[in-house]
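The values are calculated or read from the model by the stated rules, or taken from the named source; none is laboratory data. This is a predicted model, so every value here is computed, not measured. Note: ideal-geometry Cβ built from the backbone for every residue, glycine included; neighbour counts use all protein chains shown. Areas reflect the complete protein model, heavy atoms only, side chains present, ligands, DNA and RNA absent. Shrake-Rupley method; radii C 1.70, N 1.55, O 1.52, S 1.80 Å.
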Amino acid sequence: MSDEVLLETRGAVGVVTLNRPKALNALDLGMCRELHSQLDAWAVDAAVKAVVIRGAGGR
């Protein structure tokens, strides 16, 4: 897991934090691959009911 995509599960919610505030949290290919892999895992996890994607930084 990179430090540009932070992943966690809080109860029934998967939380993705995009952590590239200097680049306005724009996705690059590596981030897309990491995100895709985790979304696939959450899709088959009956405990995860929703996913929230947020960006780091103040913008």
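Filter segment 1-18 for residues that are closer than 23 Å to residue 49 by Cα and surrounded by 11 or more Cβ atoms within 10 Å (Cβ to Cβ) and give the result. Across segment 1-18, the qualifying residues are 5, 6, 7, 9, 12, 13, 14, 15, 16, 17, 18.
The residue pairs whose first member lies in segment 24-46 and is at positive phi, whose second member is modelled with pLDDT of 95 or more and open to solvent by 70 Å² or more (accessible area, probe 1.4 Å), and whose beta carbons are closer than 9 Å, counting only pairs six or more residues apart or on different chains, are 25/54.
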